[in-house]
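These notes are about the structure you will find just below.
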Amino acid sequence: MFVGTVLQTASSSVAEVEPAADTVVARVDQVLSGAPAFFDHLGEPVTVALPDGVEVAEGDVHVFQAIAWIFGTGLAVRAVAVGEEAASAAAAASADGVSDGEERLRRRMGSADRVVAGVVRQVSHVPTAEDHPITEHDPRWQDAVVEVHGQLAQDAEAPSEVTVRFAASRDVSWRDAPKFSVGERGVWLLGAPQPSALMAVADELPADHYVVVNPDDFSPAGDAATLMAEIGEGGDAK
């Protein structure tokens, strides 16, 4: 499952696939679910063989449900559903068991300022002020620079990267807060009123940084399929 922008119709980006009326080249803007190797194609063009009767136009953004086809000079996949049909298929597949966690995630999406998919490219420690008392419950703040590969439809243009401040401490006070490492991929739900305990760090936070301590604010790449229903209702991804 991925969100992609159609770059060329009746075309192919793979030498092993001849361009045809039902083949298009699409950029992978966001991977919603799939094999780990597929995430390596984020931001890259792939060739998509469309299902019978499905037509798309250059510039269209769609959700594609696809299966692997050819790994050669590039990647080619066969789409089994496109657009609303793909979103409906994903929603139907998970409809039998919507957990409380999934429901919380959907509500959280509604309150987020920004929802982005990407990969952590850098992690650094946040210097502690000299007058800051160190306790066993200290969060041990770190900053993760996330390279953004996709964003759910919003008025603002997707940034190339965002910086996420997180609690690296394993203390009981922070054990459930998400921890990030270089190479980690997923979906971040950013921007929301912070608990009172975080107001101090929030006041010191640069304008382009976000605090992420709520487990609902991050979904690993393998769990991103739970966002399918929201994408289907929310429209395009940017």
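The values are calculated or read from the model by the stated rules, or taken from the named source; none is laboratory data. Small disclaimer: the values here were computed from a predicted structure and weren't measured. In this analysis, Cβ positions are derived from the backbone assuming ideal geometry, glycine residues included, and neighbour counts consider all displayed protein chains. Protein only, heavy atoms only, side chains kept; ligands, DNA and RNA dropped before computing areas. Shrake-Rupley method; radii C 1.70, N 1.55, O 1.52, S 1.80 Å.
I need the calculated FRET efficiency for the pair Arg78 and Glu204, taking r as the beta carbon distance and R₀ as 45 Å, to the nearest 0.05. After rounding to 0.05, the efficiency reads 0.35. Placing dummy labels 7 Å off each Cα toward the beta-carbon, the span from Gln8 to Arg175 is 5.5 nm. Note on Arg121: accessible area approximately 120 square angstrom, rounded to 10, probe 1.4 Å, nucleic acids and ligands left out. To the nearest 10, the accessible area of Val17 is 10 Å² with a 1.4 Å probe.
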